[in-house]
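Take a look at the structure below.
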There are 2 protein chains.
Amino acid sequence: MGFFDGMRVLVTGGAGFVGSHLVDGLLDAGAIVTVYDNVSTGDARFLEGALCDVNCDLITGDLLSGEFLDEALHGKDMVFHWMANADVRHSAERPSHVLDMNLHATMVVLNYMRRQSVRRIAFASTGSVYGDVQLVPTPERAPMPIQNTIYGASKVASEALISAYAAQFDMEADIFRFAPMLGERYWHGHIFDFVKKLSANPETIEVLGDGSERKYSVYVKDAIHGVLLGVEFGLDRVGVFNICGDYSYSINESVNWVARQLHVQPKVTHTKQSWIGDNPNMYLDCSKLKALGWRPETSAQRAVFNTVTYLLQNPYLLERES
Amino acid sequence: MGFFDGMRVLVTGGAGFVGSHLVDGLLDAGAIVTVYDNVSTGDARFLEGALCDVNCDLITGDLLSGEFLDEALHGKDMVFHWMANADVRHSAERPSHVLDMNLHATMVVLNYMRRQSVRRIAFASTGSVYGDVQLVPTPERAPMPIQNTIYGASKVASEALISAYAAQFDMEADIFRFAPMLGERYWHGHIFDFVKKLSANPETIEVLGDGSERKYSVYVKDAIHGVLLGVEFGLDRVGVFNICGDYSYSINESVNWVARQLHVQPKVTHTKQSWIGDNPNMYLDCSKLKALGWRPETSAQRAVFNTVTYLLQNPYLLERES
């Protein structure tokens with residue numbers, strides 16, 4: 001019997017891009033999954049497959065108010081806290097909103113977990129916690145960074161609370177710091193923007209920066225595989241794992257990939273400025289997770305291809321407000 | 001004219017043990033100081049001297065509700081955010097309270113600073129942010145720690161928010177990570193406990209741990225000198241500075257110092273257990289601040305002596321609930 005067989009888990013944010021893949025992965029591994037989501041930025045359609053499974057149910061609630069959270073947590077073995085505002089680029093426009101959705105929500109989850117004696121949590125963090133990166137590729141024990149985005153700050157603060165609760169209240173935690181993810185159900189970020197812009201205007205496209213910056217990302221299904229491995233085989237009370245692909249691509253390359261798939265030949269123009277806190281060189285050292293057997297199997301080009309294919313098959317996503 | 005001459009500053013928590021020394025130091029340096037405090041854990045008597053100065057006034061308000069905060073910040077050049085729940089040992093007993101007092105209060109201050117266009121902040125952090133210390137003496141750029149106390153988590157989370165606000169909203173910040181402080185007006189922590197216990201029962205005293213652990217601390221007036229130096233001469237948008245003495249002492253030594261000063265000869269007994277998250281080896285590398293000319297001038301024995309003398313002269317402090 002596998003590690004997750006029959007495990008009763010709660011997935012907050014399970015209707016989101018990444019959360020819904022996590023739900024699929026947990027169900028495949030034999031877990032009994034309750035999804036908790038307010039289905040506002042998430043999308044119930046992402047759970048269409050999962051909810052056909054008798055082992056999956058959905059609670060629609062407002063996490064910040066604690067609505068239905070006692071019953072959602074009652075009898076659970078573990079929480080995967082995936083609910084978040086994941087938009088690093090725009091996090092400075094509404095700092096209080098981002099802090100509520102990320103940091104305050106994490107406090108709420110931790111306090112309800114204590115009430116319901118749920119002692120294990122996995123948490124979706126981000127490579128953005130490395131802030132003003134000092135070391136590339138960046139290991140989990142990188143020099144203490146200075147935060148430069150509200151999003152990164154909200155996540156590193158959440159990590160701190162989770163770790164302290166684990167130490168003080170006899171809990172276990174696994175924290176996953178993700179590179180930007182690509183794949184099916186992706187609906188914001190630069191590849192999404194390219195598809196949206198080129199669908200509207202195939203003649204020309206403007207991209208941030210000079211286009212030569214190289215990006216690392218990770219394919220969402222590879223990332224979820226890493227999460228399950230880390231939770232099953234990690235040995236620390238608080239385990240921290242980077243999850244990042246080994247493949248980099250330039251912005252120019254990715255625009256070309258998207259254009260080719262859309263059968264368009266746009267003129268590409270560049271803006272000089274990027275956004276404050278952008279880290280074009282985010283490349284996370286994943287030695288720790290690789291030592292547990294993980295590999296990022298999927299190339300960046302394939303991940304972009306799958307991303308674009310899904311968007312073309314589900315064009316309603318291009319109409320959503322991101 | 002000195003750097004602080006005529007500078008209009010707000011000191012939150014300025015009626016506290018450390019905050020009141022900061023107020024004294026700022027007034028000495030020529031600043032015009034508004035103290036903001038709810039005077040609950042702080043003590044108006046700590047400000048008796050300061051409030052005789054025409055350049056000092058006190059606003060009594062509840063920071064979490066934002067009460068009087070707009071008027072307190074209006075026209076200020078800088079904020080020293082010193083208001084906190086500083087009790088690391090008991091922070092797990094009331095985690096939500098500690099997070100409100102430390103993390104949530106910091107968010108409130110930052111948001112009101114934006115409203116009032118106050119662009120500079122200094123923040124009282126702690127060596128407890130180094131959590132499960134990997135490197136001793138610990139430099140500011142130590143490997144990213146795992147937090148193990150609610151107090152440390154609340155402070156590292158606050159640091160993260162301050163840094164992110166600085167990057168995103170054109171602010172400057174100086175963050176000071178203090179070793180445990182000693183000195184006049186100190187009224188909780190182990191030296192306080194020793195004085196209180198030996199005053200009640202001079203025959204015997206029980207101490208946590210085996211008594212051989214060595215502690216580093218810093219004399220509060222030396223620490224304030226370091227804060228003023230760091231603010232004046234630090235060059236980074238977000239400066240982070242450790243502040244710690246170079247002198248260590250064992251718990252047994254400090255009990256003996258206190259006993260001698262109290263003219264008692266107690267039998268010392270030991271408990272095997274300490275508290276979760278205690279870091280008996282906290283020793284912070286202060287090379288960065290020393291490069292600006294700082295030195296911890298006062299020996300640990302002298303700092304303990306001054307601490308005990310003040311408590312003996314102000315015995316009402318021994319009666320306070322800590």
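All of the numbers you see were taken from the coordinates with simple rules; none came from a lab. Remember, predicted model here, so these are calculated numbers, not experimental data. Counting neighbours? That spans all protein chains shown, and the Cβs are built from the backbone with ideal geometry, glycine included.
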Report task. Output, in nm with one decimal and in ascending order, the distances from the residue B:203 label point to the matching label points of the other copies (7 Å from Cα along Cα-to-Cβ). Result -> 9.7
Report summary line: The residues B:174, A:43, B:70, A:193, sorted from fewest to most surrounding Cβ atoms within 10 Å, come out as B:70, A:193, A:43, B:174
Report summary line: chain B: longest segment with zero exposed GluC sites (Glu not before Pro), where exposed means DSSP loop plus at most 12 other C-beta atoms within 10 Å, is residues B:94-202
Report task. Neighbouring Cβ atoms within 10 Å as the yardstick, rank B:290, B:267 fewest first. Result -> B:267, B:290
Query raised in the report: According to the square roots a ≥ b ≥ c of the eigenvalues of the Cα gyration tensor, what is the shape class of region A:232-285, taking rounded for a/c under 1.5, prolate for a/b larger than b/c otherwise, and oblate for the remainder?
Result: oblate
Query raised in the report: Tell me, what is a quarter of the convex hull surface for the C-alpha atoms of region B:57-102, in nm² with one decimal?
Result: 3.9
Query raised in the report: Can you run phi through the Karplus equation (6.51, -1.76, 1.60; θ = phi - 60°) for region A:111-127 and list ³J(HN,Hα) in whole Hz, with x for Gly and Pro?
Result: 5, 5, 4, 4, 4, 9, 6, 9, 10, 9, 9, 10, 9, 7, 9, 8, x
Query - residue A:28 paired with residue B:320, simple spin-label distance in nm, labels 7 Å along Cα-to-beta-carbon - result: 5.9
Query raised in the report: In debye, nearest 20: dipole of region B:18-155 around its Cα centre with unit charges on the Cβ of K, R (+) and D, E (-)?
Result: 580
Requested in this report: Summarise the partner chain shielding of B:147-156 as one whole number: the mean count of Cβ atoms from other chains within 10 Å of each residue's Cβ.
Outcome: 6
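Among the listed pairs B:221/B:290; B:197/B:267; A:288/B:155; A:76/B:155, give every one whose C-alpha distance is greater than 20 Å.
Details: B:221/B:290 16 Å; B:197/B:267 12 Å; A:288/B:155 28 Å; A:76/B:155 31 Å.
Checking Cα-Cα distances, A:288/B:155; A:76/B:155 exceed 20 Å.
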Query raised in the report: Most exposed first by the Cβ proxy, i.e. fewest other Cβ within 10 Å, how do B:262, B:228 rank?
Result: B:262, B:228
**Report entry** Within a Gaussian network of chain B (alpha carbon springs, distance under 10 Å), most fluctuating of B:84, B:259, B:303
**Finding:** B:259
Query raised in the report: Put the label 7 Å from Cα along Cα→Cβ for residue A:97; what are its distances to the other copies, in nanometres, shortest first?
Result: 3.5
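Residue separation times 0.36 nm, minus the C-alpha to C-alpha distance between residue B:291 and residue B:93: what's the value? Display every interim value, and only then the final one.
Working: separation 198, 0.36 × 198 = 71.28 nm, distance 3.92 nm.
Difference between extended and current length: 67.4 nm.
Over chain B, what is the percentage of antiparallel beta bridges among all DSSP beta bridges, to the nearest 5? Don't skip to the answer; put the middle values down first.
On the way: 4 of 42 bridges.
Around 10 percent of the beta bridges assigned by DSSP in chain B are antiparallel ones.
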Query raised in the report: Among the residues of chain A, which one places its Cβ closest to the rotation axis that maps chain A onto chain B, and what is that distance in whole Å?
Result: A:157, 2
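What relative contact order, as a whole-number percentage, does region A:1-113 give when Cα pairs under 8 Å and 6 or more residues apart are counted?
Details: 182 pairs, mean separation 32.6, N = 113.
The value is 29 percent.
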Report summary line: Under 5 Å from the placed amide H of residue B:239, counting only residues 5+ away or on other chains, we find B:173, B:174, B:175
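Report the net charge of residues surrounding residue B:240, where surrounding means a beta-carbon distance below 14 angstrom and charges are Lys +1, Arg +1, Asp -1, Glu -1.
So the environment of residue B:240 carries a net charge of -2.
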Report task. Choose one answer from A:90, A:104, A:263: the residue with the largest mean-square fluctuation in a GNM of chain A with alpha-carbon springs under 10 Å. Result -> A:263
Query raised in the report: For region B:1-107, what D do you get in µm² per second when you plug the Kirkwood radius from alpha-carbon pairs into Stokes-Einstein at 25 °C and 0.890 mPa s?
Result: 175
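How would you classify region B:15-72 from its alpha-carbon gyration tensor, with a ≥ b ≥ c the square roots of the eigenvalues: rounded for a/c under 1.5, else prolate if a/b is greater than b/c, otherwise oblate?
Working: a/c = 2.10, a/b = 1.40, b/c = 1.50.
It is oblate, given that a/c is not under 1.5 and a/b is not larger than b/c.
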Query raised in the report: residue A:66 label points, 7 Å along Cα→Cβ, one per copy: pairwise distances from this copy to the rest in nm, shortest first?
Result: 2.3
Query raised in the report: Separation of region B:1-80 and region A:166-242 by C-alpha centroid, Å?
Result: 45
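Rounded if a/c is under 1.5, else prolate if a/b beats b/c, else oblate: with a ≥ b ≥ c from the C-alpha gyration tensor eigenvalues square-rooted, which is the protein assembly as shown? Kindly include the intermediate steps, with their values, before the conclusion.
On the way: a/c = 2.23, a/b = 1.67, b/c = 1.33.
Here the protein assembly as shown falls in the prolate category.
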**Report entry** GNM flexibility winner over chain B from B:296, B:139, B:180 (Cα, springs under 10 Å)
**Finding:** B:139
